[in-house]
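Participant: My structure is below; once you've seen it, I'll send some questions.
The values are calculated or read from the model by the stated rules, or taken from the named source; none is laboratory data. The model shown is predicted, which means the values in this text are computed figures rather than measured ones. No Cβ is skipped: glycine too gets one built from the backbone with ideal geometry, and neighbour counts run over all protein chains shown. Note: areas computed on protein heavy atoms with side chains; ligands, DNA, RNA excluded. Shrake-Rupley method; radii C 1.70, N 1.55, O 1.52, S 1.80 Å.
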Amino acid sequence: MSDDRISIFSAVVPLREYTHTEILGDGPDPFQVAEHGMVWRPKDLHFGIRTEPDGRLVAHTGLVVLPVSIDGSPTELVGLGGVAVAADLRGHGLARTVVDGALAHARTLGPRFAVLFCRPDKAALYARLGWQPLAGPVEVEQPTGPATMPLRTMWFPLRDGARWPGGALRLHSLPM
C-alpha cells in the first residue's frame, strides 16, 4: 500500500457508539479470547480512525477507569482494550495511532497508569508501543468470583517518570 492511501485517514476521534462488527465482522470470537472463558467489561470511552471521505471505521480502542488494588492499596487505573484494526489495513501504524490517541485522553482522567490484557502473540506489538509486561498473576472479578487473568498483562505510564509500584494487581471489576 502506498503512503497516498494512508493519507486518507482522519485523526483519532471519539466515537459515540462502537460495535466490534464495524471492523472485525460478526464472527463468534473476534478477539480470539473465548477459550479463556472470561466475562469482559464494556469500555466507557471509544476512539477510532475513519477513512475520508467515506467514513469507514478502520481502527478502534476503548478506555475505562478501573478500581484496583496494587499490593493491597486501593487506587484506579485506566484500562485499555478492544484494539481493532481492519484486516486489509494492518501493518500501517493504525494500532499505534489509535492507541496513542486514546492514551492522550487517558492522561486527562487522573490515574498514573494504564493497563491492558493481550494474547501472548500481541505482546511484542504493545512492547513496541511502549507498554511493559507486568510480572506475576493478576486477579480480576468474574461472575463466579475472583479469577486469575489468563492473558498477558501490560502497563503504561500516563505521567512522566511514573514507575510501576510493584506488588500484586487486583481489579475490583470485570476485566476490560
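Participant: Tell me which strands (runs of 3 or more DSSP E) are completely within the stretch 41-131 and hold 2 or more residues being closer than 15 Å to T153 by Cα, or say none if there are none. Spell out how you get there, then give the answer.
Facilitator: Values: elements: 45-50, 57-70, 73-85, 113-118.
Correct list: 57-70, 73-85, 113-118.
Participant: Consider V99 carefully, then state whether it is in contact with a Ser or Thr (Cβ under 8 Å, 6 or more places away or on another chain) and open to solvent by less than 10 Å² (accessible area, probe 1.4 Å).
Facilitator: Working: in contact with a Ser or Thr (Cβ under 8 Å, 6 or more places away or on another chain): yes; open to solvent by less than 10 Å² (accessible area, probe 1.4 Å): yes.
So V99 passes the test.
Participant: Next question, about the same structure. Right, V39: open to solvent by 40 Å² or more (accessible area, probe 1.4 Å) and among the β-branched types (V, I, T) or not?
Facilitator: Values: open to solvent by 40 Å² or more (accessible area, probe 1.4 Å): yes; among the β-branched types (V, I, T): yes.
Against the criterion (open to solvent by 40 Å² or more (accessible area, probe 1.4 Å) and among the β-branched types (V, I, T)), V39 qualifies.
Participant: Any residue at all in the stretch 103-123 that's among the small types (G, A, S) and crowded, with 21+ Cβ neighbours inside 10 Å? Show your work before the answer.
Facilitator: Of all residues in the stretch 103-123, those among the small types (G, A, S) come to 104, 106, 110, 114, 123.
This time we only want the ones that are crowded, with 21+ Cβ neighbours inside 10 Å, so: 106, 114.
Yes.
For (1) without any contact (Cβ under 8 Å) to a residue 24 or more places away in the chain; (2) farther than 23 Å from L151 by Cα; (3) surrounded by fewer than 12 Cβ atoms within 10 Å (Cβ to Cβ), each residue gets a yes or a no:
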residue	(1), (2), (3)
T61	no, no, no
V64	no, no, no
D71	no, no, yes
A86	no, no, no
L89	no, yes, no
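Participant: Step by step: first the residues of the stretch 132-157, then only those that are without any contact (Cβ under 8 Å) to a residue 60 or more places away in the chain and part of a loop (DSSP other than H, G, I, E, B), then the one that is farthest from V13 (Cα to Cα). Which residue is that?
Facilitator: Checked the stretch 132-157; the qualifying residue farthest from V13 (Cα to Cα) is T144.
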